[in-house]
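Written out below as structure tokens is the structure these notes cover.
Values quoted throughout were computed directly from the atomic coordinates according to the rules given, and no laboratory measurement underlies them. In this text, all values refer to a predicted model and were calculated from it rather than measured experimentally. Cβ: placed from backbone, ideal geometry, glycine included. Neighbour counts: every protein chain shown.
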Amino acid sequence: MKRLRLRWVLPAGHFLIDALVLVSWLWHSQAKRSHMKAESISTPVARQVLLLQESGRGWNFRQTPSPEFVFLSCGNMPAMLVSLTTRPKAYIQTRTVSWDPWWFLIHESIALSVWFLIGMYTEAPGRQFVRVMLWFIALRAGFAVFITIEGIARFGVVMELLLWLGLVLYFCAQAFVATFRALCRQYQRIR
């Protein structure tokens, strides 16, 4: 049986993870919306007015991105930069709009292209990054499990960001070692 090529495994694996995180994000927002609706029905109106009146800070209409959205967008940093630049309010969920499909389309099309190119680079002769990239997919899938648990969802996001930082540092160290070896070979030829 022919071994699967990394240029196809990387985009497919990351797309599956992103699709599962998207489903989790939409499911959590729907569950939160139905919980808020049930709570508003059971809470007397006078109590809500008193609480709003007693709060000294005023009304706060800002929305912060959910951990699922942050995890999804941080799955590929170049795709995140482009997709959030073109659709900056994609994380805002309302009663009528629970997600921005254009943002997801832009993000995934760039992410799939980037992962395909990384897979091609990794498969090049002399490269030994196949194991590193497979570990990256496995760890990202493992951290995606944390997103489904509401209390520790931020932990999954922080771990994914640390994973990206570790990957960047690993590739920088590899580039430094390769450059140092090339310079040493050049120095030996000159002598």
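A few notes on this one:
- Distance between the pseudo-spin-label points of Ser98 and Phe155 (7 Å out from Cα toward the beta carbon): 2.7 nm.
- Extension gain, Ser109 back to Ala124 (0.36 nm per residue minus Cα-Cα distance, nm): 3.1 nm
- Between Arg189 and Cys74, the FRET efficiency estimated from the beta carbon spacing at R0 = 45 angstrom works out to 0.55.
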